Amino acid sequence: QVQLVESGGGLVQPGGSLTLSCAASGTIFSINAMGWYRQAPGKQRELVAGITSGGNTNYADSVKGRFTISRDNAKNTVYLQMNSLKPEDTAVYYCHADLYKMGTADAMDYWGKGTLVTVSS
């Protein structure tokens with residue numbers, strides 16, 4: 001089986017910083033894109049940032065210049081450095097990976113269970 005486990009969420013004051021981590025484990029052959037999504041109460045899940053296996057990145061307009069996504073391919077881990085946090089960044093943040101399991105021909109989507117980020121004074 002494959003698991004994505006997030007960590008690093010919590011309560012932070014406006015203007016503060018947090019770093020999220022997500023480690024993929026299990027019978028993984030290779031990982032294509034990884035990314036972070038978020039879902040605020042009453043809203044749809046949205047892409048925050050993505051990164052390809054080659055290191056190309058993309059960001060939601062709302063986080064450009066404040067968030068940085070990175071990955072360690074050797075550890076199958078993706079990170080999200082979040083700076084200058086705002087109350088509107090409050091959401092459950094989900095890790096996503098598009099990956100090949102060992103012994104399969106097709107890549108599939110996998111999701112973590114989410115980690116809550118609350119930005120409040």
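The values are calculated or read from the model by the stated rules, or taken from the named source; none is laboratory data. What you see is a predicted model, and the numbers here were worked out from it, not measured in a lab. Positions of Cβ are backbone-derived with ideal geometry, glycine not excepted, and every protein chain shown enters the neighbour counts. Remember, those area values only see protein heavy atoms, side chains included, never the ligands or the DNA or RNA. Shrake-Rupley method; radii C 1.70, N 1.55, O 1.52, S 1.80 Å.
The set of residues in the range 63-84 being among the hydrophobic types (A, V, I, L, M, F, W, C) and loosely packed, with under 15 Cβ neighbours inside 10 Å consists of Ala74 alone. In the range 85-103, the residue that is modelled with the lowest pLDDT out of those that are over 20 Å from Thr52 (Cα atoms) and open to solvent by 60 Å² or more (accessible area, probe 1.4 Å) is Gly103. Residues in the range 31-53 that are open to solvent by less than 60 Å² (accessible area, probe 1.4 Å) and part of a loop (DSSP other than H, G, I, E, B) were compared, and the one that is farthest from Tyr93 (Cα to Cα) is Thr52. Please specify each residue of the range 54-112 satisfying the condition of being in a strand (DSSP E or B), touching a residue at least 40 places away in the same chain (Cβ under 8 Å) and within 23 Å of Val12 (Cβ to Cβ). Residues satisfying the conditions are Thr77, Val78, Tyr79, Leu80, Gln81, Met82, Ala91, Val92, Tyr93, Tyr94, Cys95, His96. Check whether at least one residue in the range 7-26 is farther than 26 Å from Ala105 by Cβ and open to solvent by 70 Å² or more (accessible area, probe 1.4 Å), and report yes or no. Taking every residue of the range 7-26 in turn, at least one turns out to be farther than 26 Å from Ala105 by Cβ and open to solvent by 70 Å² or more (accessible area, probe 1.4 Å). Residues in the range 104-121 that are in contact with a Lys or Arg (Cβ under 9 Å, 6 or more places away or on another chain) and either of a type in the set (Lys, Arg) or open to solvent by less than 20 Å² (accessible area, probe 1.4 Å) (or both): 2 in all. The one condition from (1) more than 15 Å from the chain's Cα centre (by Cα); (2) at positive phi that Gly10 does not meet is (1).
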